[in-house]
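Read the structure below first, then the notes.
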Amino acid sequence: MSALASYFWERRQDILALTAQHVVLVAVSTFLAAAVGIPLGIWLTRRPKLARPILGLAGVVQTIPSLALFGFLLPLPLIGGIGARTAIVALLVYAMLPLLRNTYAGILSVDPAIVEAATGLGMTPRQRLWWVELPLALPVVLAGIRIATVVSIGLATIAAAIGAGGLGVLIYRGIAIVDNRQILAGAVPAALLALAADGLLGALERRQSKWRQA
Amino acid sequence: MTGNGAVPAVEFHEVRKAFGGRPVLDGFTLTVEAGETIALIGSSGCGKTTALKLVNRLLDPDGGRVLVQGKDVAAEDPIALRRKLGYVIQEGGIFPHWDVRANVEVVPRMLGWDEERRRRRAAEVLAMVNLPAEEFGPRRPRQLSGGQRQRVGVARALAADPPVLLMDEPFGALDPIARRALQREFLEWKGRLKKAVLLVTHDMREAFLLADRIAVMDRGRLRQIGTRADLVERPADDFVREFVSEAS
C-alpha cells in the first residue's frame, strides 16, 4: 500500500496534470450538454408530440458503445479527428440524455394545480416558466446534471484512446505495459473525482429541494 | 341582487363546451350581478368548474358568449383579463418555493405596483384573512396548516382588489373545523368588500351559508337559480328538490 502511495507521490505532477485535463474534458462537455439539453428539454414540454421520438432517439444514442462512438466520430469533418474536440463531442452526446430527460420530467412533475394557479393569476408563459416551473423543477434538473457529470467522468477515461488526454492516458499506458500501479494511478483519481462530483452536486440538490416541498 | 342598473359582473349566454365530443356545457345561461355571491352547485361532472374556467379563459367556449363587466372575454387579452379576476382554487395552488408575502404580492407585482404599495396591500389582505403580515409574511407554505394555506390563496386573489372573484371549491379540502372558520371569515369580508363572487361547490350547506343566490346545475344546464327560500319552498323539479333535501 505504501509502495503504491510513494509511486503516486513520485508521479504526482503527471497525475495532477492529467486530472486537470480530465476535469476540463468533463466540465466543457457537461456545460455544453446542459446549454443544449436544458432548453431543449423545456421546449419538449411545450411539444408533447415530439417528446417521445426525441427522448427515444436520445435513449438509443445512449446505447452506442462509447469506444465505437469515439471511432465513428473520428473520420467526421469539423467535429472529428484526433484530440480533445472529438472526445468532448462524444461526451456531450452521452451527457445529453440525462439532462434532456430530467429537465423534461422535472417540469412535467410540477403540481398541475400550481401551474394552473400561475396561469389563472395572469402569468405570461415566460413568467410561469421562470418564476414557477423552473424553480420547482430545479432539484430534478440538478439530479440530471449530477448524473451527466458522474457518467462523463467515467467515460472520459476512454477519451485517451483517441488522444484526448485525461486520466485514461495512465490506464491505457498501464494496460500496455501490464503495470497495475499505473492503471491505478489513473483509475483511483478518476473514481475520487466521480465521488467528489456526486457528493458535491448531491448536496446542492438536497439544499434546493429542502424548501420546495409544499 | 342589485337591480340598480349596474353592469353585471359576469354573464353566460347560451354557452356550449364539449370535451372530446362529450358536451359539458349545453346552452348554459347565468348572470352574476355586481356585488353578489352566486354558488354554482351540482353533481360532479355537471360543468360547474368548466363554467368557472370559461370566465378567466383557462378554457374557451365552443359556442355562446361569456361577458365580464359587459365585455366579451373572447375579445380581451387573457393575461390582462386574469389579472383583474381573483382566482382561488382547491388546495390553494400556493407557490411552495415563495414565502407568504411573495405569494400574496404576485398579481400586484405583475401589474407593476411599487414595493411600498405592494407591502401595504399585502399587509391589508393578510389581516383580512387573519394572518398578520409581521408573523406570517416571511413564512414558507410548508410551515402552514391547510386552512392557513387556503387563507393565503384567498389573500392572493384579493390582493389586486379585483371586482370579481372566482372560487373553485375553495374550502373543499379542509377539515370541518377549518372549513367553518374560513366560511365565517368569508362572510365577514364579503359584507365589507362588495365583490361579485362566483363560487363552485358541491356542498349545498356551504352554498346556503355563503351565497346570495344558488345556481343548481345538471348535465351542463342551469336547472334553477334562486335564493335559499326559493329553492327550499319552490324547487323547480325533482332534481333540485333532492339536492336541497340533502342539505337539510
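Quick notes on this structure:
- For the stretch A:158-172 versus the stretch B:232-247, the gap between their alpha-carbon centres in whole angstrom: 81
- Model label points for residue A:17 and residue A:191, set 7 angstrom from Cα along the Cα-to-Cβ axis, are 2.6 nm apart.
- Look at the stretch B:236-247: the mean tally of other chain Cβ atoms within 10 Å of its residues' Cβ atoms is 0.
- Inter-chain shielding of B:92-102 (mean C-beta neighbours from other protein chains, 10 Å cut-off): 5
- Shielding of peptide B:206-218 by partners, expressed as the average count of other chain Cβ atoms within 10 Å per residue Cβ, is 0.
- Close Lys pairs in chain B, defined as Cα atoms under 24 Å apart and 8 or more places apart or on different chains, number 20.
- Most to least accessible of B:44, A:66, A:152, A:109 (protein chains only, probe 1.4 Å): B:44, A:109, A:66, A:152
- In the frame of its principal axes, the protein assembly as shown has Cα extents of 99, 50, 41 Å, reported largest first.
- Relative contact order %, chain A, counting alpha carbon pairs below 8 Å whose residues are six or more apart: 26
- Computed from backbone phi, the HN-Hα couplings of the stretch B:209-218 come to 6, 9, 9, 6, 9, 10, 9, 8, 10, 8 Hz, rounded to whole numbers (Karplus: 6.51 cos²θ - 1.76 cosθ + 1.60, θ = phi - 60°; Gly and Pro given as x).
- The apolar share of the surface of the stretch B:146-248, taken as the fraction of accessible area on carbon and sulfur atoms (1.4 Å probe, ligands and nucleic acids excluded), comes to 47 percent.
- Across the stretch A:128-187, the mean sequence separation of Cα contacts (distance under 8 Å, 6 or more residues apart), normalised by length, yields a relative contact order of 19 percent.
- The distance separating the Cα centre of the stretch B:80-95 from that of the stretch A:18-77 comes to 39 Å.
- Between the helical axis of B:176-193 and the longest alpha-carbon principal axis of chain B there is an angle of about 90 degrees.
- For the pair B and A, total buried accessible area rounded to nearest 100 Å², probe 1.4 Å: 2000
- Kirkwood hydrodynamic radius of the stretch B:134-248, from inverse mean 1/r over distinct Cα pairs, in Å: 15.7
- Kyte-Doolittle mean at least -1.0, axial Cα span of 24 Å or more - DSSP H helices of chain A: A:12-45, A:84-108, A:134-155, A:180-210
- Label-to-label distance, nm, for residues given as residue B:181 and residue A:24 (7 Å Cα→Cβ offset): 6.2
- Chain B: relative contact order in percent, alpha carbon pairs under 8 Å with at least 6 residues between: 27
- Label point distance in nm, residue A:204-residue A:32, each placed 7 Å from Cα along Cα→Cβ: 2.0
- Angle in degrees between helix B:115-128 and the longest Cα principal axis of chain B, rounded to the nearest 10: 60
- The stretch B:97-248 - share of DSSP beta bridges that are antiparallel (%, nearest 5): 50
- For residue B:200, the residues whose modelled amide H falls within less than 5 Å of its own, excluding neighbours fewer than 5 places apart on the same chain, are B:40, B:167, B:168, B:169.
- Per residue accessible area in Å² of the protein assembly as shown, where ligands, DNA and RNA are left out and the probe is 1.4 Å: 46
- Rounded to 10°, Cα long-axis angle of helix B:238-247 versus longest principal axis of chain B: 40
- For chain B, the calculated P(r), taken from all Cα-Cα distances in 10 Å bins from zero up to the bin holding the longest distance, is 7, 31, 36, 20, 5, 0 percent.
- Percent of Cα pairs exceeding the 17 Å cut-off, where the set is the stretch A:1-89: 68
The values are calculated or read from the model by the stated rules, or taken from the named source; none is laboratory data. Nothing here was measured: the structure is a model prediction, and the numbers come from that model. Heads up, the Cβs are rebuilt from the backbone with ideal geometry, glycines too, and the neighbour counts pull from every protein chain shown. SASA here: full protein model, heavy atoms, side chains in, ligands and nucleic acids out. Shrake-Rupley method; radii C 1.70, N 1.55, O 1.52, S 1.80 Å.
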